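J.: Before I ask anything, let me first share the structure, which is written out below as structure tokens.
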Amino acid sequence: MPDSNHSNPSTPGKMPQRFDQMGFRQGPGHLQGGAPKVRSKDARGTLRRIGGYLRLERRALVWVILCTVLTTGLSLIGPYIIGKLFDDFIVPGHFDGMVRMGLILFGVYALGAFFTWVQQYMASSLSQNTVQHMRQELFEQYQRLPVSFFDQRTHGELMSRAVNDIANVSNTLNQTVVQLIASVLMLAGSIGMMLSLSVWMTLITILTVPLITFSIKKVTVHTRRFFSEQQQLLGEVNGFVQESISGLKVIKVFGREAQSVEQFREINERLRSVSVKAQSLSGSVGPMMNTMRNLTFLVIAVFGGIFAYHELITIGVIVSFLNYSNQFSQPINQLANQYNLFQSAIAGAERVFEVLDQQPEMAEEPEAGMNCRIRGEVVFEQVCFRYKPDVAVLKNLSLHAKPGQVLALVGPTGAGKTTIINLLTRFYDIQSGRILIDGEDIGELDKRVLREQIGLVLQDAYVFSGSIRDNIRYGRLEAADQEIEEAARLANADAFIRKLPDGYDTYLNAEGGNLSQGQRQLLTIARAVLANPSILILDEATSNVDTRTELHIQEAMRTLMKGRTSFVIAHRLSTIREADAILVVQDGEIMEQGTHEELLGKKGFYFEMYQHQFVQNNVS
């Protein structure tokens, strides 16, 4: 992560955040005036991309279309049979024929129900398989994106894209694919059947379509904007909740619960307001369509009665028309509802595709790598770097680490120490200068190959949900159990692991909450031991533990550093006294360098730092 005084321009904070059209964080200038109004940037392009995923499920799509055709065809036959039933059997009073025709009608509807079930099953399979591909691609993209991408965005907002937005697409696909096909077929079939019965009655029925279309257009013209805002604000809510839960101890210790609740209330209120607008507009389409359908019934009943009175049509035709008019207006109603659902799906899909369209970290990497284990000579030549265009973090910085040498980086917070590590691991790339490992420019090396040679132990020890054995094995997946236990012994972790109820098979909950900070740190050191890197980076590895645990960690660190080029970042100067060279970094430059004794003899900045800590320790 960037140093605190020169952080990325979008480093997460605790104030209420605003996000840009991608749902990504914006600066303080956007705090006034509420959430931005987000519109779909390319609805057609988004639909084409969703169609690309649907084409991967051709077999299921064919089954859905086939069942929809059969279901629609059976639905169209039903009203025709009802009309014949009235004209040929009910009005003349033919009881036997009425029973026979009733059984046929029952069979038609029963068969239609069966194909509807098959249709829904295949549609569910289609939608779930489609979003499975999308979700898999999104997660893989998260693994490929550079660290800088995640430094600028909250975890909750990114989780919202993987969960809420994709769920939106899934729900819409599950309903829309079938409804869209069925609506088009039903609309065309209903018109065809009505024309076969009476051209004039068909024309009278169709006259209501412009009124329906106009009403729907007036309502749905605003829905996409509201659904887009709803999805954006949902991501903001998720981000704020995740941030607040992660920083709950900080919130409590500073007594900021009320402020946090108020900030959440403000975001939540904006989400509620936009959601009400989106859902109320969407929900108004159904009642509006029911009104239009009833108006169509009235028109058919009046004109049908007039035509029947003049013996132009029969009672059975009127009954059939009443049924067909329902089937005629229902697809229009469904298409209108699907349009609203589409707005929500498009909004969610666009947020997913915007992440998928980000430049992956490995996309432009040349196929270059180290063919053998490196010696570990590291050289920085006139390296310059800045997170913001107008703020230089490193200024023509040069350093030289010989193979197997231990270099300590010290200096005030924000001096650029962690940035040096970020550049060495290529979490960020330099703007000018060169960084060499064994004489090779790391800018020409594949990042994966480079990082295989580097071990990293951070201040915040991170462990995954799973067994202790699996957490250590994360350093080298093919390692045998004996190698894992040997790595734990070298890291001074074996003793406490064996005291746990299930030893190495003890299950760790989320982020290792059932272990102390020191125990988690020992596990990360064991993980690094198992990985056997050529270059080791220790970033404040002992800063969050007590003195006794620190001694265990320091002993494990000495074991780990043997024979490896090591970079140690430390605020406790007592932990780096044995370093081969100490580099004092201040304002992005190396102000002093030498051994512990040499720097004390210079009586410069390091001497002042050491004296300050020495006095503090004696006082305490």
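J.: For R375 and W117, FRET efficiency with R0 = 56 Å and r from the beta-carbon atoms, rounded to 0.05?
T.: Working: r = 68 Å, r/R0 = 1.21.
The formula returns an efficiency of 0.25 here.
J.: Could you check the spin-label model distance between S273 and Q132? Points 7 Å from the Cα along Cα→Cβ, value in nm.
T.: 4.2 nm
J.: Give the residue list of GluC sites (Glu not before Pro) in the range 464-536 that are DSSP loop and have at most 11 other beta-carbon atoms within 10 angstrom. Walk me through the numbers before you get to the answer.
T.: Values: sites: E478, E483, E485, E486, E511; in loops: E478.
Sites meeting the loop and neighbour criteria: E478.
J.: Something else: Tell me the label-point distance for the pair E452, I306, using the 7 Å Cα-to-Cβ offset, in nm and rounded to one decimal.
T.: Simple spin-label model gives 8.4 nm for this pair.
J.: Taking a probe of 1.4 angstrom, what is the accessible area of F95 in Å², to the nearest 10?
T.: Using a 1.4 Å probe on the heavy atoms, I get roughly 130 Å².
J.: Sorted by accessible area with a 1.4 angstrom probe, largest first, how do E578, E257, E608 fall?
T.: Reading off the accessible areas and sorting them downward yields E578, E608, E257.
J.: At what distance in nm do the modelled label points of A258 and D390 sit from each other, each positioned 7 Å from its Cα along Cα→Cβ?
T.: Those two pseudo-labels are separated by 3.7 nm.
J.: Mind grabbing the accessible area of K562 for me, 1.4 Å probe, Å², rounded to tens?
T.: Spelled out: K562, probe radius 1.4 Å, area about 150 Å².
J.: Find how much the distance from I191 to S516 grows on full extension, using 0.36 nm per residue of separation minus their present alpha carbon separation; answer in nm with one decimal.
T.: The I191-S516 span can extend by a further 109.8 nm.
J.: Let me ask you something else. Could you let me know the centre-to-centre spacing of the range 451-501 and the range 158-189, using Cα atoms, in angstrom?
T.: That distance is 45 Å.
J.: Could you give the length gained on full extension between F214 and Y507, defined as 0.36 nm per residue of separation minus the Cα-Cα distance, in nm?
T.: Details: separation 293, 0.36 × 293 = 105.48 nm, distance 6.12 nm.
Here the segment from F214 to Y507 would lengthen by 99.4 nm.
J.: Grab the Cα-Cα distance for F605 and E354, subtract it from 0.36 nm times how many residues apart they are, and report the gain in nm with one decimal.
T.: That pair, F605 and E354, stretches by 85.6 nm at full extension.
J.: For E311, E266, give me the order by solvent-accessible area with a 1.4 Å probe, most accessible first, ignoring ligands, DNA and RNA.
T.: E311, E266
J.: For T565, what accessible area in Å² do you get when you roll a 1.4 Å probe over the heavy atoms of the protein chains, rounding to the nearest 10?
T.: It works out to around 0 Å².
The values are calculated or read from the model by the stated rules, or taken from the named source; none is laboratory data. Please read all numbers here as calculations on a predicted model, not as lab measurements. Glycine also receives a Cβ, built like all others from the backbone with ideal geometry; neighbour counts cover every protein chain displayed. Note: accessible area is taken over every heavy atom of the protein model, side chains too, but ligands, DNA and RNA are not part of it. Shrake-Rupley method; radii C 1.70, N 1.55, O 1.52, S 1.80 Å.
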